[in-house]
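The values are calculated or read from the model by the stated rules, or taken from the named source; none is laboratory data. Please read all numbers here as calculations on a predicted model, not as lab measurements. Cβ: placed from backbone, ideal geometry, glycine included. Neighbour counts: every protein chain shown.
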Amino acid sequence: MKPPKIHTWQIGVLLLLMAGMITLSMSGYLSEMLGGATGPLVSLQSWVSSRFVRIYTFVTASSDVIGLVQQNEALEREVANLQKQVIEMEEDLREAQLYYALLDFARSKPDNQYIAALVIGKDPSPFMNYVILDHGSSDGVRMGMPVITEKGLVGRVDAVTANAARVQLVNSPDFAVNVQTQNTNAEGVVTGSITGALVMDMVIQTMTLQPGDLVLTSGLGGNFPSNLLIGEVRTVTRQENALFQSASVQSAVDFRQLEVVLIIRNFQPVEIDPLIPQEGS
Amino acid sequence: MSVIIGLAYLSVGMMLQTAILSRIPLINGTVDLILIVLIAWALQDGPEEWEVWVWTLVGAVLLGFVSKAPWPLYVISYAIIILLLRQVQKKMWKASVLLLFLGIALATLFQQSLFYGFYRFVYTVPLPLNESFLYIIVPSMVLNLLFAFPVYLVIKDTAEWLHPQEDV
């Protein structure tokens, strides 16, 4: 096939047309002409594009929801783990604070030697208030040793096995300790009760007892060191015709929350029974 | 086999009682898990007489070991309770749940009264009767009754596992 022959005049016409177009474009007349022609095209493309974007969003969103659900589950698991860690750390912190308080107390009284022990149980009989510790005679615990916390007197060791010890609490009904008040030096005896309340009794009528007085061990009887805090006087009962006055005492130690205690190992209770005269002798 | 299972149950029961349940009092009363286990076991049809008594002895000695009260007191109180319960059970065609609740209520009353008397008159601890009854004995009875049925179901399943009954 023979290619069409291009004449010189045709080339000239083309060049003239191109030059005319360029001139029109540079002068700004062409854009107005093209604007009228391209406007509908641009509008059409915008419509198609917006519909495409909507459809694309709709299709891809469903897969994103599944991804979000999975991500949400993973985050929930992570949150649960973190909450568990927070609870564990708070528990550790609470224990650490407890140990620091006991340590501070032990350092403040360097004359005493202590054995720290955990409370691992309570006497099953509800009539008596005794607790069981996780240290026994193999750790140096002996019968009669005083047991304290940083807040005050807890009780005394009542029975010991190789690896455990039973402690008679201050609020047990069969407990009694000689005490005196801090400010007025009123002497008496603190006893426990089945309800766990402490009573300071045997205080002679001439002594002054006031609510708020601190009650400390007096050391009389030799069962406990002196000046161990027991509690605070709450209410005083005084009757004119009675020999003694009494008072209810708010214990310094919360016996329901006992976890860690200190046993004073270098205090030996004094056995005074042989010194008490027997009847008829 | 039942002796080993009994030892395990009673040991776990004692640990639960001393470590947890004794620290959750109702007023001042506490649950006696060992007593409930022993009564539930004694009310089962399967166990033989000696098995019931071995469990009773083990439970009493375990509790007596950790308690301030002397272990013979636990042995005597549990033995009397189980003896009476077995006598009643023999006279009935089939032990009912009613007998369980009645047994636990009366056993708690008897045992706590025995302990009260012991502390009051042998140890000469000043325990007011009125307060002891209201704050310790009655709440302990309520707690024991609350725990009775769940423990009974566990012991019943154990007894049926250890002594499978033939269907008539």
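Here is a yes/no grid of residues against (1) within 19 Å of A:ASN112 (Cβ to Cβ); (2) free of Cβ contacts under 8 Å to residues at least 24 places away in the same chain; (3) out of contact with any Cys (no Cβ under 7 Å at 6 or more places or on another chain); (4) surrounded by 17 or more Cβ atoms within 10 Å (Cβ to Cβ):
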position: A:GLY222; (1), (2), (3), (4): yes, no, yes, no
position: A:LEU228; (1), (2), (3), (4): yes, no, yes, yes
position: A:ASN241; (1), (2), (3), (4): no, yes, yes, no
position: A:GLN245; (1), (2), (3), (4): no, no, yes, yes
position: A:LEU262; (1), (2), (3), (4): yes, no, yes, yes
position: A:ASN266; (1), (2), (3), (4): yes, no, yes, no
position: A:VAL270; (1), (2), (3), (4): yes, no, yes, no
position: A:LEU275; (1), (2), (3), (4): no, yes, yes, no
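Filter region B:1-15 for residues that are of a type in the set (Gly, Ala, Ser) and over 10 Å from B:TRP55 (Cα atoms); which is farthest from the other protein chains (Cβ to nearest Cβ)? Taking the candidates together, the pick is B:ALA8. Considering only residues in region B:16-72 that are small (Gly, Ala, Ser) and either within 14 Å of another protein chain (Cβ to nearest Cβ) or in contact with a Ser or Thr (Cβ under 7 Å, 6 or more places away or on another chain) (or both), the one that is nearest to B:ASN144 (Cα to Cα) turns out to be B:GLY29.
Residues are listed down the side, and each one gets a yes or a no for (1) modelled with pLDDT of 90 or more; (2) under 27 Å from B:TYR116 (Cβ atoms); (3) of a type in the set (S, T, N, Q); (4) surrounded by 22 or more Cβ atoms within 10 Å (Cβ to Cβ):
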residue	(1), (2), (3), (4)
A:LEU169	yes, yes, no, yes
A:ASP174	yes, yes, no, no
A:SER193	yes, yes, yes, no
A:VAL199	yes, yes, no, no
A:THR208	no, no, yes, no
A:LEU214	yes, no, no, no
A:GLY219	no, no, no, no
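Look through B:LEU83, B:LEU127 and report the one residue that is in a helix (DSSP H, G or I) and either free of Cβ contacts under 8 Å to residues at least 24 places away in the same chain or among the hydrophobic types (A, V, I, L, M, F, W, C) (or both). Only one candidate passes the filter, namely B:LEU83.
Checking the structure you have, find out if any residue of region A:137-146 is under 28 Å from A:VAL236 (Cα atoms), surrounded by 13 or more Cβ atoms within 10 Å (Cβ to Cβ) and either more than 14 Å from chain B (Cβ to nearest Cβ) or in contact with a Gly (Cβ under 8 Å, 6 or more places away or on another chain) (or both). Within region A:137-146, one or more residues are under 28 Å from A:VAL236 (Cα atoms), surrounded by 13 or more Cβ atoms within 10 Å (Cβ to Cβ) and either more than 14 Å from chain B (Cβ to nearest Cβ) or in contact with a Gly (Cβ under 8 Å, 6 or more places away or on another chain) (or both). Of all positions in region B:141-148, none carries a residue that is facing chain A (nearest Cβ under 9 Å) and surrounded by 15 or more Cβ atoms within 10 Å (Cβ to Cβ). For region A:86-136, filtering for residues that are more than 14 Å from every other protein chain (Cβ to nearest Cβ) and of a type in the set (Gly, Ala, Ser) leaves 6.
Counting the residues of region A:169-189 that are within 21 Å of A:GLN257 (Cα to Cα) and among the hydrophobic types (A, V, I, L, M, F, W, C) gives 3.
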